[in-house]
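In what follows, a structure is listed as structure tokens, so that the remarks can point back to it.
The values are calculated or read from the model by the stated rules, or taken from the named source; none is laboratory data. Not measured: the values here are computed from a predicted model. Neighbour counts are summed over all protein chains in view; Cβ atoms, including those assigned to glycine, are modelled from backbone coordinates with ideal geometry.
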Amino acid sequence: MPKNTPKQKATIDKKIENLAPHTEDGTGQFMTTDQGLKINDDQNSLKAGERGGTLLEDFILREKITHFDHERIPERIVHARGSAAHGYFQVYESMAKYTKAGFLQDPSVKTPVFVRFSTVAGFRGSGDLARDVRGFAVKFYTDEGNYDLVGNNIPVFFIQDAIKFPDLIHAVKPEPHNEIPQAASAHDTFWDFVSLMPESMHMIMWAMSDRAIPRSLRMMEGFGIHTFRFINEQGKGCFVKFHWKPLLGVHSVTWDEALKINGKDPDFHRRDLHDAIDNGDYPEWEMGVQIVQEKDEHKFAFDLLDPTKLIPEEEVPVMRIGKMTLNRNPDNFFAETEQVAFHPGHLVPGIDFTNDPLLQGRLFSYTDTQLSRLGSPNFHEIPINRSINTVHNNQRDGHMRQQINKGKVAYNPNSLGGGCPFQAKMADGGFTSYVERIDAKKVRARSKSFFDHFSQARLFYMSQSKPEQNHIVDALSFELGHCDTEAIRVRVVGMLTQIDGGLAARVADNLGIKVPAKPEQPMNLSFGADAKPKDFQPVFVQQAVEKSAALSMANTVKNTIKTRQVAILATNGTDDSLMKMKTALEAKGAMVKVVSLKLGTFATTDNKQIKADQAFFGSSSVLFDAVYVPGGAKSIDALKNEPNAILFINEAYRHCKAIAAVAEGTDLLSTTYAGEKINSYQNDGNDLATLGIITGKSYKPEIAAAFVDAIAQHRFWQREELSKIPA
Ligand code: HDD
């Protein structure tokens with residue numbers, strides 16, 4: 001890590017210092033009760049005689065059991081399953097032109113952050129690879145107080161108004177009569193709701209895309225979604241959309257793989273984040289902003305206040321303004337990851353809201369939910385939630401209050417306390433809300449500027465590469481195939497016709513239904529009882545661009561194999577290319593693991609002892625990004641007789657991963673389904689490298705170099721169409 005200047009160090013240490021008095025370490029200490037009494041016997045309860053009844057007076061037993069009985073708190077109503085890390089954010093250059101936010105001024109300042117990633121629908125113990133939106137919540141501990149950017153890995157949302165949020169979540173969560181299915185949207189109630197909410201269609205395209213099954217939390221984008229405001233020192237405001245761009249690029253797994261990972265390692269994403277940080281491979285994202293001047297508010301083909309719309313990067317480029325690095329795992333999951341409380345209303349001067357009706361509703365929900373989840377209005381005193389700026393106000397008491405407020409004054413104005421604590425002038429950093437003219441009738445209504453539900457859904461679909469489009473078709477077919485009610489499938493396909501006829505036809509074909517001639521009516525139920533449905537029909541507005549390159553993962557960064565997991569399959573009698581390939585891959589930052597018939601060590605042909613990191617019985621190709629098979633006749637003969645080795649290669653092939661083999665290793669490939677496809681492809685005069693298959697008669701540095709290039713490509717999707725294999 002680059003050395004910190006004293007100033008940088010001082011800022012980044014502030015949260016660590018702030019947490020320090022609350023940490024505990026029992027190393028070398030006596031065990032005590034919660035009252036600090038040293039415990040002499042933690043093995044036996046107090047009894048009337050060795051074989052007698054336990055005595056009620058055993059306060060040590062009662063304290064221990066009582067605490068245990070109350071260990072659980074309610075999980076988050078949404079985003080229950082999450083993983084988090086500490087780190088810091090540093091701006092590249094002052095953003096004073098747009099905002100006075102203190103943490104966006106000085107490039108030498110490192111602002112501490114705590115970031116929690118999550119799935120939305122599943123319970124706290126659900127698998128990481130659910131097809132779902134991922135939460136991306138960042139808490140900045142700034143000198144001006146906490147600023148929370150509570151976003152997702154998808155830049156738009158399902159609904160336009162917060163009043164629909166409980167309906168959306170009730171629809172996607174397990175069905176109430178039997179609590180099935182867990183962490184999955186593939187069921188009747190979700191699609192019933194969606195089929196009646198055309199505004200959800202843009203987000204549905206994203207949620208059915210590969211974005212919803214990320215390879216790693218470190219390899220996904222983040223978005224603030226709503227349009228926010230920046231305000232500068234002169235009081236001038238502009239609109240801003242926030243982005244997080246991962247330096248490792250945006251990558252996904254395949255659906256078949258996701259289903260298998262959930263069984264093989266349900267903590268796959270959590271483990272990946274934790275291990276990367278532990279190994280010093282700190283995840284990094286650049287913060288991007290799209291700035292829109294106030295005068296341009298109405299120049300777009302959509303309303304900036306509509307959270308189901310994004311601003312295409314071709315229309316307003318993303319300016320990369322700083323970098324976030326995650327470099328420390330939490331010490332304690334419950335104290336930090338579980339108890340952290342985010343809220344889009346945690347603001348600092350220089351940043352403010354807009355009237356986006358989804359955001360406005362969120363501003364109520366987040367504090368409210370902490371009251372039942374964390375149990376008290378004092379949740380801000382939990383160490384992970386504490387501001388590094390000191391807190392002074394007249395809020396008092398409540399469950400679990402920790403602050404000891406001195407003096408007899410707890411009101412304002414006061415003279416007895418000298419008027420303290422003072423209100424801060426703007427010049428002293430006092431927060432003022434952005435002055436916005438509002439001259440309106442009080443109405444319960446939706447703006448007509450929100451009625452275009454399909455144009456951007458189409459923009460997204462059209463911007464996808466062919467394999468990405470295929471995956472959307474597959475995902476929709478899987479999800480709707482899990483719906484029991486045919487009418488729901490038909491209605492959703494009707495919606496799809498509004499996005500793309502080809503898409504609708506392919507899904508309909510898979511489902512064995514006809515594409516409805518006309519979408520089922522009514523198209524939009526988002527209106528009140530006295531409203532006329534015809535006044536709520538969706539409109540189609542021509543978007544400024546037909547395609548946007550930034551929306552396709554095909555155009556992401558593919559120049560590194562840092563932290564990619566590579567399996568080497570080998571056992572006794574493997575050749576010396578095992579170590580050569582391992583060294584070459586590790587030099588490029590890959591994580592290499594030797595997978596063998598059993599644990600323990602085995603010998604290479606040149607008599608080196610190799611330790612197996614994993615054995616087939618506890619491993620699987622779905623946990624890796626690529627696979628290498630060294631030569632060595634004895635090793636290959638043994639692997640040929642191990643069905644799990646064959647499955648390993650077939651799956652890696654089916655999941656479009658880079659595969660390399662040399663010498664006798666290529667024979668092992670030939671005994672697989674993959675091998676047959678590979679051989680016929682090669683016999684047709686094709687270059688195997690274009691399929692991500694690297695083979696050679698013997699190991700050479702060029703083979704390793706070609707393998708590195710192939711792993712960096714992440715996936716060779718053309719295999720999916722070229723040659724389907726069972727695995
Ligand atoms: Fe929310 C949690 C993101 C709309 C109500 N939300 C929560 C978390 C994330 C988001 C990342 C987890 C935070 C953490 O890790 O603790 N939510 C979003 C985004 C939305 C959104 C990006 C739309 C753009 N949310 C939304 C609406 C409402 C809520 C419209 C209610 C009206 N969200 C909540 C909540 C949660 C929450 C019930 C559950 C746990 C929590 O807040 O702390 O208040």
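Counting only residues that are of a type in the set (Val, Ile, Thr) and out of contact with any helix residue (DSSP H, G or I) (no Cβ under 7 Å at 6 or more places or on another chain), which one in segment 595-625 is surrounded by the most Cβ atoms within 10 Å (Cβ to Cβ)? This residue is THR605.
Looking at ILE180, ILE163, which is the one that is farther than 25 Å from GLU338 by Cβ and touching a Gly at 6+ places or on another chain (Cβ under 9 Å)? None of the other options fit; the residue is ILE163. Against the test of being more than 30 Å from LYS14 (Cβ to Cβ), more than 13 Å from the ligand (Cβ to nearest atom) and outside any strand (DSSP E or B), the options GLY127, GLY235 yield a single qualifying residue, GLY127. Summed over segment 18-69, residues that are under 27 Å from ASN332 (Cβ atoms), surrounded by 12 or more Cβ atoms within 10 Å (Cβ to Cβ), touching a residue at least 12 places away in the same chain (Cβ under 8 Å) and not hydrophobic (A, V, I, L, M, F, W, C) total 4.
The lone criterion from (1) outside any loop (DSSP other than H, G, I, E, B); (2) within 12 Å of the ligand (Cβ to nearest atom); (3) outside the structural domain of ILE291 (by the TED database); (4) not aliphatic (A, V, I, L, M) left unmet by PRO74 is number (1). Do we find a residue being at pLDDT 95 or above, within 24 Å of PHE431 (Cβ to Cβ) and in a loop (DSSP other than H, G, I, E, B) anywhere in segment 143-163? Scanning segment 143-163, I find at least one residue that is at pLDDT 95 or above, within 24 Å of PHE431 (Cβ to Cβ) and in a loop (DSSP other than H, G, I, E, B), so the answer is yes. Just checking, does segment 478-490 include any residue being in contact with a helix residue (DSSP H, G or I) (Cβ under 7 Å, 6 or more places away or on another chain), over 30 Å from GLU286 (Cβ atoms) and at pLDDT below 95? Looking through segment 478-490, none of the residues is in contact with a helix residue (DSSP H, G or I) (Cβ under 7 Å, 6 or more places away or on another chain), over 30 Å from GLU286 (Cβ atoms) and at pLDDT below 95.
Just one residue in the set SER433, SER447, SER387 is away from the ligand (no atom under 16 Å from the Cβ) and over 22 Å from HIS343 (Cβ atoms); that residue is SER447.
May I ask you to verify whether LEU168 is within 11 Å of the ligand (Cβ to nearest atom), outside any strand (DSSP E or B) and touching a residue at least 24 places away in the same chain (Cβ under 8 Å)? Spelling it out, LEU168 is indeed within 11 Å of the ligand (Cβ to nearest atom), outside any strand (DSSP E or B) and touching a residue at least 24 places away in the same chain (Cβ under 8 Å). Taking the criterion of being among the polar types (S, T, N, Q) and without any contact (Cβ under 8 Å) to a residue 12 or more places away in the chain, would at least one residue in segment 669-678 satisfy it? Within segment 669-678, one or more residues are among the polar types (S, T, N, Q) and without any contact (Cβ under 8 Å) to a residue 12 or more places away in the chain.
Every condition in (1) of a type outside the set (A, V, I, L, M); (2) in a helix (DSSP H, G or I); (3) surrounded by fewer than 18 Cβ atoms within 10 Å (Cβ to Cβ); (4) more than 10 Å from the ligand (Cβ to nearest atom) holds for GLU286 except the one numbered (2). Residues in segment 180-199 that are of a type outside the set (A, V, I, L, M, F, W, C) and either under 20 Å from the mean Cα position of the chain (by Cα) or within 16 Å of the ligand (Cβ to nearest atom) (or both): GLN182, SER185, GLU199. Annotation: of all residues in segment 358-383 being of a type in the set (A, V, I, L, M) and surrounded by 17 or more Cβ atoms within 10 Å (Cβ to Cβ), the one that is nearest to the ligand (Cβ to nearest atom) is LEU358. The set of residues from segment 601-618 being among the hydroxyl-bearing types (Ser, Thr, Tyr) and more than 38 Å from the chain's Cα centre (by Cα) comprises THR604, THR605. Looking across segment 568-587, the residues that are surrounded by 18 or more Cβ atoms within 10 Å (Cβ to Cβ) and either in contact (Cβ under 8 Å) with a residue 60 or more places away in the chain or not assigned by the TED database to the domain that holds SER621 (or both) come down to ILE568, LEU569, ALA570, THR571, GLY573, THR574, ASP575, SER577, MET581, ALA584, LEU585. Under the condition of being in contact with a Leu (Cβ under 8 Å, 6 or more places away or on another chain) and near the ligand (Cβ under 7 Å from one of its atoms), the residues counted in segment 331-357 number 1.
A single entry from ASP188, ASP192 fulfils the requirement of being in contact with a Cys (Cβ under 7 Å, 6 or more places away or on another chain), of a type in the set (D, E, K, R) and in contact (Cβ under 8 Å) with a residue 60 or more places away in the chain: ASP188.
Entry remark, segment 86-122: residues being in contact with a His (Cβ under 9 Å, 6 or more places away or on another chain), hydrophobic (A, V, I, L, M, F, W, C) and assigned to a strand (DSSP E or B) number 4 in total. Could you tell me whether segment 94-113 includes any residue that is more than 24 Å from ALA475 (Cα to Cα), within 16 Å of the ligand (Cβ to nearest atom) and loosely packed, with under 13 Cβ neighbours inside 10 Å? Within segment 94-113, none of the residues are more than 24 Å from ALA475 (Cα to Cα), within 16 Å of the ligand (Cβ to nearest atom) and loosely packed, with under 13 Cβ neighbours inside 10 Å.
Across segment 314-346, the qualifying residues are those that are in contact with a Ser or Thr (Cβ under 8 Å, 6 or more places away or on another chain) and surrounded by fewer than 17 Cβ atoms within 10 Å (Cβ to Cβ), and the one among them that is farthest from SER200 (Cα to Cα) is ASP331. With the condition kept exactly as written, say whether any residue in segment 248-255 is assigned to a helix (DSSP H, G or I), under 17 Å from the mean Cα position of the chain (by Cα), on the phi < 0 side of the Ramachandran plot and surrounded by fewer than 22 Cβ atoms within 10 Å (Cβ to Cβ). Looking for residues that are assigned to a helix (DSSP H, G or I), under 17 Å from the mean Cα position of the chain (by Cα), on the phi < 0 side of the Ramachandran plot and surrounded by fewer than 22 Cβ atoms within 10 Å (Cβ to Cβ), one finds at least one in segment 248-255, hence yes. You will find that of HIS177, HIS202, the residue that is more than 12 Å from the ligand (Cβ to nearest atom), surrounded by fewer than 24 Cβ atoms within 10 Å (Cβ to Cβ) and at pLDDT 95 or above is HIS177 and no other.
In this structure, ARG328 does not satisfy being of a type in the set (Lys, Arg), more than 10 Å from the ligand (Cβ to nearest atom), at negative phi and over 20 Å from the mean Cα position of the chain (by Cα). Entry remark, segment 677-727: residues being within 17 Å of THR666 (Cα to Cα), crowded, with 16+ Cβ neighbours inside 10 Å and of a type in the set (Asp, Glu) number 0 in total.
Look at (1) closer than 15 Å to TRP206 by Cα; (2) in a helix (DSSP H, G or I); (3) among the β-branched types (Val, Ile, Thr) and you find that ILE499 fails only one, number (2). Just one of the listed residues (ALA704, ALA689) is without any contact (Cβ under 8 Å) to a residue 40 or more places away in the chain and farther than 21 Å from ARG215 by Cβ, and it is ALA689.
Any residue at all in segment 580-601 that is assigned to a loop (DSSP other than H, G, I, E, B) and in contact with a His (Cβ under 7 Å, 6 or more places away or on another chain)? No.
Here ALA20 fits the description: outside the structural domain of GLY135 (by the TED database) and outside any strand (DSSP E or B).
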